[in-house]
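J.: One structure is given below, represented as structure tokens, and several questions about it will come after.
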Amino acid sequence: MPGYEAERDRLREHLGIEWIQNGLSKSGWTPSKSIRHSSDLNCDFSHPEKCQWKNMADEKQMDSRDFYLFEKIDYTEFPVLRVGPGPSKIQQGDKMIFVGDKKREEQHAIFYSSPINCQNSTGNLTFTYWVYNSARVEVILLEDDGRGGYKMIFDDPSEEKPYVDCGTIQLNTECHAEIPPREKPFRIGIRAYEISNTDGSFVMIDNILYSASLCKVGIDIGDNFKSNALETGATGKHVDTAAELKCDNFDSKCRWRSGGDAMVMWRRSSSILPSPLLLNATGTTVGPRGGYAVLYVEQGTQKKSLDILRSDPITCQSLTENEFTFRYWHWERFSFDNFEFSRFWEFGQIELEACAVDLMLKDVECVPIPRGSSPANVKLTFRKATKNFMIVIRVSSLNSDFDNMVIVDDISYRATLCTDALSVFDIGDSFVSTPMLSLLLSRNVHTAQDLSCDFSKRASACLWGMLNQDEESSDIASNTWTVGHGPLNDEKLYSLTGISEMPEGEFGLAKFETGGSSVLLSEVVRCALDNVHVQFKLWTTGTAKIKVCLVEESSPSLLDCQDASSGDVVVDLPRIRRPFRVAFSAEAEDQGMVLIDDIVVTGQICPPTAAKQFSSKTFRPTADIPDPNVCRLLSCDFHLGHACLYESSQVPHSAMHGVSQRKLNAFLTRSKRVFILESPQFRLNTVARLHFDYKLQGDANLFICNDSGTKELESCFKVEGREGNDYIELLASDTKVYIISRLSESGKSGSLEISKIVFTDISDQAIC
């Protein structure tokens, strides 16, 4: 209002309002984008830059004046008899628009809205207004004239005009207009007119409210379409297998979720999309099945307001090939010459991408999702992501002038995680197997509990073993059972077996590289009387499986077999009054493994008698030949990187040691002066020899002690050489062997190397 300083002073004095320069220079008005909701036209001028209204441009030649923004700056009340019918008391800080003049010629001004695409039913427009000196206000409807301008709908006699009640009789009243339904796009205008008093006249407007049922301006996805918040089973916990990222229903089993912290969220729907929509958009009626994820983006929405669809994290995956696949549909709604279309977007106005992001949502790598005929089946590969990452699907760019909708379904991910087993034998890098020390020696089974076995000390105390491989048999396989050692990788074993419980310590193992069978037998049981149960823990990988069978002592055939499934197994044995063995019969068509642990046998069996011993077809040692079981306990070639069943005794000033390249090495210093290698406990049936290869360096000495570790070193056998092979004779009464290295009294440092320990008879003949 430049040039109206005196008039502004009078307004400030009598009404307490002040002009805000350039107050209406910015607004939310749009020339072509239709409003989505009737409330989009609500405006109280507290933030005029958001109001979707503006003054009519001068070049349109439809009015002579403009509205200006004013603010209430004090508590002066409006004179109720001269300025009305709006309220006389206005809060300080309130804003309104004002137009006025002192010319005799009539002046008028139009303040008009963004376009309304169409209106289903009668709409209501209300606003607060004040007039002075016979000025008046009305509501008009405008439509494009096709030449870049507008025309009033009143000019067309066939058009229904709005009912307008903007009377000035009652105080504190609003202007109310009822706008009839319209199928064609239009705009609402507020027109101030009859401003023609030389003493000055004006119109003020505030609190514009519009309420109406608008025609659908979004994508027509059917009247029955419903969506809910995307609530899945994703909790942020890392996945154990890539298969857990499969999601085809977006329910509690799905490990995908909305990213959160966004205005426009991914949602879940199971509504069936209309066939015409699908046909028009994709050329087919193929749509998502069951539950699917949907992101509806309204026009005007900025990309930064959009949510992401993200997976639960992947802790680690190998650099082998991976494949991320899903199906998606997306549409855009636009207008052209008053016609509207929904179609599959092909020309880049909305684009998606799949990204691998770290746990802080920072990009590791992103792959643009290729555009193709919808429904596109997308296949992507990530080449950089290996540790602690998530997969996200997000909008990378869009044209916010139109509505867009994206649907994602049938997600799957194929990759080798670091916790996945690479083969049926891959149960951890620390997994090794060693020969089983127990043999079938016709030992007596006094109680059912005697058959219990946890495979510790390589099953040396177990009454289980295998038949000699040179014995002919039709059913009893000659493949070898061994003892497995860990620790195992619990995640890899779980991926192979589906069982979360791990074997504790050592366990029985039957391994098949190319198929076959292997049988583990118990010693002979005289008979089973009542309630005999065999319990054990079982894991199987690949094609391997196991049966629990009975074997007659006099026949090698497997009888009365019962299949066992992975987990905790309990097998009930029938009453049997003749000698028998219990057999674990493992077999595989191809590659596989059987792991068993914690065998527990309960119930009542017949004890052995002195009058009769049940025969066995296994090898039976005589008193002149040392027990092969002791041979397996004491022999060691260190080829698996550990000291077999030997252990390092921890005493004050114990030296460090290590096993590598089939050698045990102990390093002695002044502070670490002694090293003791202790054998497992054994029971000999006759005299035997224990040979060992050794090498001494520096000031180290070597002693070999048998029977008891409490003996003084002076009573042990001292090895006089510095390198070579030596042995010690073991008596039938001996139970342990100690290999001891110690620095001399004045020694500074030294080392011991042991490379092989071999058990023989007194003629140096190998026993095992």
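The values are calculated or read from the model by the stated rules, or taken from the named source; none is laboratory data. This structure is a prediction, so every number in the text was calculated from the model and none was measured. Counting neighbours? That spans all protein chains shown, and the Cβs are built from the backbone with ideal geometry, glycine included.
J.: Taking the residues in the range 188-201 that are surrounded by fewer than 23 Cβ atoms within 10 Å (Cβ to Cβ) and assigned to a strand (DSSP E or B) as candidates, determine which candidate is farthest from the chain's Cα centre (by Cα).
T.: Here is the first cut: in the range 188-201, the residues surrounded by fewer than 23 Cβ atoms within 10 Å (Cβ to Cβ) are 189, 191, 193-194, 196-200.
Narrowing further to those that are assigned to a strand (DSSP E or B): 189, 191, 193-194.
On the way: Gly189: 54, Arg191: 60, Tyr193: 66, Glu194: 69 Å.
My answer is Glu194.
J.: Among the residues of the range 655-695, which ones are among the small types (Gly, Ala, Ser) and in contact (Cβ under 8 Å) with a residue 40 or more places away in the chain? Show your work before the answer.
T.: Within the range 655-695, the first condition is being among the small types (Gly, Ala, Ser), and the residues that meet it are 655, 658, 660, 666, 671, 679, 688.
Matches in the range 655-695: Ala655, Ala666, Ser679, Ala688.
Residue-by-condition table, conditions (1) touching a Gly at 6+ places or on another chain (Cβ under 8 Å); (2) small (Gly, Ala, Ser); (3) not in a loop (DSSP other than H, G, I, E, B):
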site: Asp206; (1), (2), (3): yes, no, yes
site: Tyr210; (1), (2), (3): yes, no, yes
site: Ile221; (1), (2), (3): no, no, no
site: Lys237; (1), (2), (3): no, no, no
site: Ala243; (1), (2), (3): no, yes, yes
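J.: Quick one: would you say Ala564 is on the phi < 0 side of the Ramachandran plot and touching a Lys or Arg at 6+ places or on another chain (Cβ under 8 Å)? Break it down stepwise before answering.
T.: Values: on the phi < 0 side of the Ramachandran plot: yes; touching a Lys or Arg at 6+ places or on another chain (Cβ under 8 Å): yes.
Judged against the criteria, Ala564 is a match.
J.: Another question, then. Among what's in the range 484-536 and is of a type in the set (Gly, Ala, Ser) and more than 33 Å from the chain's Cα centre (by Cα), pick the residue that is surrounded by the fewest Cβ atoms within 10 Å (Cβ to Cβ).
T.: Of everything passing the filter in the range 484-536, Gly515 is surrounded by the fewest Cβ atoms within 10 Å (Cβ to Cβ).
J.: A further question follows. Go through the range 633-691 and report how many residues are over 26 Å from Ala459 (Cβ atoms) and charged (D, E, K, R).
T.: Residues meeting the conditions: 4.
J.: Looking at the structure I just gave you, is Glu77 within 17 Å of Arg191 (Cα to Cα) and in a loop (DSSP other than H, G, I, E, B)? Walk me through how you get there before you give the answer.
T.: Details: within 17 Å of Arg191 (Cα to Cα): no; in a loop (DSSP other than H, G, I, E, B): yes.
Taking the combined requirement at face value, the residue does not satisfy it.
J.: Name the residues in the range 81-128 that are of a type in the set (D, E, K, R) and crowded, with 21+ Cβ neighbours inside 10 Å, would you? So that I can check it myself, show each step before the final result.
T.: Kept after step one, since they are of a type in the set (D, E, K, R), are these residues of the range 81-128: 82, 89, 94-95, 101-106.
Asp101, the sole residue that qualifies.
J.: On the given criteria, is Ser585 of a type in the set (Gly, Ala, Ser), in contact (Cβ under 8 Å) with a residue 12 or more places away in the chain and touching a Lys or Arg at 6+ places or on another chain (Cβ under 8 Å)?
T.: The answer is yes for Ser585.
J.: Right, next: Starting from the range 546-573, take each residue that is over 25 Å from Glu501 (Cα atoms) and not assigned by TED's automatic domain parsing to the domain that holds Gly592 and list its partners that are part of a strand (DSSP E or B) and at pLDDT below 90, counting only C-beta distances under 7 angstrom and pairs at least six apart or across chains.
T.: none
J.: All but one of (1) surrounded by 13 or more Cβ atoms within 10 Å (Cβ to Cβ); (2) under 25 Å from His639 (Cα atoms); (3) modelled with pLDDT of 85 or more hold for Gly747; state the number of the condition that does not hold.
T.: (2)
J.: Which one of the conditions (1) in contact with a Ser or Thr (Cβ under 9 Å, 6 or more places away or on another chain); (2) at pLDDT below 85 does Thr710 fail to meet, given that it meets all the rest?
T.: Exception for Thr710: condition (1).
J.: Considering only residues that are closer than 23 Å to Pro607 by Cβ and surrounded by 16 or more Cβ atoms within 10 Å (Cβ to Cβ), which ones fall in the range 553-590?
T.: Passing the criteria: Glu553, Val571, Leu573, Ile576, Pro579, Phe580, Arg581, Val582, Ala583.
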